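Working notes for the structure below.
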Amino acid sequence: MAATHGRSVLPTTRSSVTHKFAITGHEGYLTIGLFENGQVGEIFIKMSKEGSTLSGLIQGFTRAFSLALQYGLPLQAACDRFRGMRFDPMGATSNPEIPEATSILDYVARYLEARFVQERSAAPPALPHQATASAV
């Protein structure tokens with residue numbers, strides 16, 4: 001992965017995970033782009049009501065979130081900031097591991113934390129530009 005002015009850039013072809021979710025009937029797809037070492041390098045959220053104000057704001061959030069990760073913000077720190085944010089849509093989700101969410105950002109933070117953050121007692125994950133590539 002190349003670094004540009006302190007920014008770790010994802011490879012042109014990368015692995016990703018796509019996760020379908022719903023919060024009180026608002027469906028969306030969370031796509032998570034990964035560095036070669038399996039660390040999260042970018043996220044995209046596609047909401048079912050394309051063109052809505054909510055969809056536009058979510059796109060802006062994902063760009064800022066992705067850039068923050070690429071400039072070295074640890075994923076856990078990002079998740080800590082967005083977990084618990086409260087705004088509609090909120091309520092029951094389609095994911096039994098996260099049965100309730102207080103917002104889309106809360107849901108995304110909790111999903112990323114559960115799937116990609118190591119145990120807090122373990123050593124913190126290396127920043128993308130410091131890590132060596134490993135199998136995903």
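Rule-based calculations on the coordinates, nothing more; no lab input. Please read all numbers here as calculations on a predicted model, not as lab measurements. Glycine also receives a Cβ, built like all others from the backbone with ideal geometry; neighbour counts cover every protein chain displayed.
Under the combined filter of DSSP loop state and at most 13 neighbouring Cβ atoms within 10 Å, region 1-102 retains these chymotrypsin sites (Phe, Trp or Tyr not before Pro): PHE87. In terms of packing, defined here as the mean over residues of other Cβ atoms within 10 angstrom, the peptides 11-17, 91-97 line up highest first as 91-97, 11-17. Restriction of the trypsin sites (Lys or Arg not before Pro) in region 40-106 to DSSP coil positions whose beta-carbon has at most 14 other beta-carbons within 10 angstrom yields LYS49, ARG86.
In this simple spin-label approximation, HIS5 and THR53 carry label points 7 Å from Cα along the Cα→Cβ vector, and these lie 3.2 nm apart. Across region 69-79, rounded Karplus estimates of 3J(HN,Hα) from the backbone phi angles (6.51 cos²θ - 1.76 cosθ + 1.60, θ = phi - 60°) give 5, 5, 8, x, 5, x, 4, 4, 5, 5, 4 Hz, Gly and Pro being marked x.
Overall dimensions of region 1-116, expressed as equivalent-ellipsoid semi-axes from the Cα gyration tensor (√(5λ), whole Å, largest first), are 24, 14, 13.
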